[in-house]
1. Using the Karplus equation 6.51 cos²θ - 1.76 cosθ + 1.60 (θ = phi - 60°), what ³J(HN,Hα) coupling, rounded to whole Hz, does each residue of region 120-129 give in order, writing x for Gly and Pro?
2. Extending each Cα 7 Å along its Cβ direction at Thr88 and His111, get the distance between those two points in nm, one decimal.
3. With a cut-off of at most 10 other beta carbons within 10 Å, and DSSP calling the residue loop, which trypsin sites (Lys or Arg not before Pro) in region 1-97 qualify? Please list them.
4. Mind counting lysine pairs for me in region 24-121? Cα separation below 19 Å, and the two need to be 8 or more apart along the chain or on different chains.
5. Please report Asp79, Asp162, Asp123 as a ranked list, fewest other C-beta atoms within 10 angstrom at the top and most at the bottom.
6. Of Glu87, Glu176, how do they rank once you tally other Cβ atoms within 10 Å and put the fewest first?
7. Binning every alpha carbon pair distance of region 24-121 at 10 Å from zero, what are the percents per bin?
8. What is the distance, in nm, between label points placed 7 Å from the Cα along the Cα-to-Cβ direction at Asn96 and at Ala70?
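Every number in this text was worked out from the coordinates using simple rules, so none of it is lab data. Not measured: the values here are computed from a predicted model. All Cβ positions, even for glycine, are placed from backbone atoms using ideal geometry, and neighbour counts span all protein chains on display.
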Amino acid sequence: MNLEGYIVVKPYLICYVRQRKNIIQGLTKQTQRMQKSLEQMNIKLNNVIRDITGETGTAIIGAILTGERAPKVLAQYRDWRIKASEETLIKSLEGNWRQEQIFNLRIAYTHYLFLEEQLNQCDIECEKVIKRMSTVSSSQKAVKVKKSKNNPNFNVSQYLYDALGVEVTKIYGIKEITALTLFSETGINLKEKLYQAEFKKRKTKQDKH
């Protein structure tokens, strides 16, 4: 790890990661508001698709906000990965369209898109900072990106490997966003703390048997 760079930029990383957490909480709140508006109109979209902020959900909501109301037309935005049939999706979109709830839906959706852009800006700044902490000019090992909702849009595992020399996300229970949060708070002590925690977990399991 570039210790000098770490000391200089650590406060920045802490700020960006904490701000990122606040934004994700805001995204969750706006998602809940969108769900509530749809439910008030008897639109059961969240019962059919797992995440209304995924490709299918946002495409349908976007179409609703531009004036489309026909369930069959809205159902055509169904992504092929959606398990529910087109017929089931059509039935979930047969509701009572209410002007005030369309307004609430629009406000929540617009706010959601705004927060998504803010999250992207946080990720850009996080990547700039964590890149300065690395001591390698080119990675000696390629670490795969683990896709997950709300994960940073850069390869956290790779940067942490370059900075610490160990793939911390391989430790049981550690996801990319968790590793980034811990790294922002503990920095150079992250590797030691994670292995201590892993050792305690294994010892506890052994003691139970």
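1. These are the phi-based 3J(HN,Hα) values: 4, 5, 4, 5, 4, 5, 4, 5, 4, 5 Hz.
2. The answer from the label model is 3.1 nm.
3. Working: sites: Arg18, Arg20, Lys21, Lys29, Arg33, Lys36, Lys44, Arg50, Arg69, Lys72, Arg78, Arg81, Lys83, Lys91; in loops: Lys44, Arg50, Arg69, Arg78, Arg81, Lys83.
Here the sparse-neighbourhood loop sites are Arg81, Lys83.
4. Qualifying lysine pairs in region 24-121: 9.
5. With the fewest neighbours first, Asp79, Asp162, Asp123 line up as Asp79, Asp123, Asp162.
6. On the way: Glu87 10, Glu176 22.
With the sparsest Cβ surroundings first, the list reads Glu87, Glu176.
7. Whole-percent P(r) values from 0 Å outward: 16, 52, 28, 4.
8. 2.4
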